[in-house]
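Visitor: Have a look at the structure that comes next, please.
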Protein chains: 2
Amino acid sequence: MPDSMRQFKAGIFQALGHPTRVAIAEYLSYGEMSVGQLCEKIGIEQANASQHLAVLRNKHLVETRKEGNQIFYRLGDPILGEVLAKMREYFFAHMAEAMETLRLEKQQAKKAEQEVGR
Amino acid sequence: MPDSMRQFKAGIFQALGHPTRVAIAEYLSYGEMSVGQLCEKIGIEQANASQHLAVLRNKHLVETRKEGNQIFYRLGDPILGEVLAKMREYFFAHMAEAMETLRLEKQQAKKAEQEVGR
DNA sequence: ATGCTATATTCGATTATTCGAATATTGGCA
DNA sequence: TGCCAATATTCGAATAATCGAATATAGCAT
């Protein structure tokens, strides 16, 4: 496995390595959506959505369709939906640990805050 | 899907979002390996390997076993191997495009270098 | 043309990742 | 005990990712 392939795969993982982009990918795995719809569902600002969509576009993970004023996004390959499904499977298998991880991270964030404020 | 779950998933993708860590995960998907073996196979320095392994450990993606002087790593859950397999599938389906993406990125990197040097 | 709506891009400040170098830890062995 | 090999951690500098604000573009209606 040459390094160029690893770079390619890592690039895809990295593109999915942000909560907002996971949310986008999951919504799109159920069907296409306009940018506005994604913003509303996820609860993010338009510019921010565009930026995250640009990341996904640059890796060719999503494709677009123009309809009048708006742009509809969809997953570029259903395999990505399967990857997300695998991750869901993993998530449920590790639910408890997941919660623990998140708790610890939140706790550490709080501690760091305190240290700054002190 | 609450945001905490997305954070958890994104954290895992992000952990896999580096070529070296993809390499580590792929080697481990075939069986356990000591740190030294990983270093040799991948061609990285010991300290660097330890840092990347720490990232994977923090997300509980790998587990360890001590044997005398050395520490053997393995994937924490075979589902991860399946995720990697899906990615391999994706990779082969998009081989040509993958090469193009990498070419473009390399090209842009070169351009950025020139601009700095200028 | 003007204006309006949806989306994209650029900019700058902040924060997070990454690497190598140096240092620490741990286990076995003389 | 002292030493060596394997692994981990810390530190600092360089690079990359993130966000909001501002600005740009494109399509449609009047």
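The values are calculated or read from the model by the stated rules, or taken from the named source; none is laboratory data. Fair warning: this is a prediction, and the values are worked out from it, not measured in the lab. In this analysis, Cβ positions are derived from the backbone assuming ideal geometry, glycine residues included, and neighbour counts consider all displayed protein chains.
Visitor: Six or more apart or on different chains, Cβ under 8 Å: which pairs go from a residue in region B:1-25 that's assigned to a helix (DSSP H, G or I) to one that's of a type in the set (Val, Ile, Thr) and near DNA strand C (Cβ under 8 Å from one of its atoms)? Could you list them?
Guide: Listed pairs, sorted by first residue: B:15/B:55; B:20/B:44; B:21/B:55.
Visitor: Just checking, does region A:76-85 include any residue being of a type in the set (Val, Ile, Thr) and over 14 Å from residue B:9 (Cα atoms)?
Guide: yes
The rows are residues; the columns are (1) within 16 Å of DNA strand C (Cβ to nearest atom); (2) within 14 Å of chain A (Cβ to nearest Cβ).
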residue	(1), (2)
B:37	no, no
B:69	yes, no
B:91	no, yes
B:97	no, yes
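Visitor: Which condition from (1) at pLDDT 95 or above; (2) surrounded by fewer than 16 Cβ atoms within 10 Å (Cβ to Cβ) is the one that residue A:97 breaks?
Guide: It fails just one condition, (1).
Visitor: If you don't mind, there's one more thing I want to ask. Give the number of residues within region A:1-29 that are more than 12 Å from DNA strand D (Cβ to nearest atom) and more than 30 Å from residue B:41 (Cβ to Cβ).
Guide: 5
Visitor: Just to be sure I understand, how many residues within region A:30-49 are assigned to a loop (DSSP other than H, G, I, E, B), among the small types (Gly, Ala, Ser) and within 12 Å of DNA strand D (Cβ to nearest atom)?
Guide: 1
Visitor: Can you find, within region A:1-26, the residue that is farthest from DNA strand C (Cβ to nearest atom) among those that are touching a Leu at 6+ places or on another chain (Cβ under 7 Å) and more than 9 Å from chain B (Cβ to nearest Cβ)?
Guide: In this case the residue turns out to be A:25.
Visitor: Here's another thing I want to ask about it. Out of region A:52-79, which residues are in a helix (DSSP H, G or I), within 19 Å of residue A:37 (Cβ to Cβ) and among the aliphatic types (A, V, I, L, M)?
Guide: If the condition is that a residue be in a helix (DSSP H, G or I), within 19 Å of residue A:37 (Cβ to Cβ) and among the aliphatic types (A, V, I, L, M), then A:53, A:54, A:55, A:56 are the ones that fit.
Visitor: Could you tell me whether residue B:53 is surrounded by 17 or more Cβ atoms within 10 Å (Cβ to Cβ) and either among the aromatic types (Phe, Trp, Tyr) or under 16 Å from residue B:81 (Cβ atoms) (or both)?
Guide: Spelling it out, it is not the case that residue B:53 is surrounded by 17 or more Cβ atoms within 10 Å (Cβ to Cβ) and either among the aromatic types (Phe, Trp, Tyr) or under 16 Å from residue B:81 (Cβ atoms) (or both).
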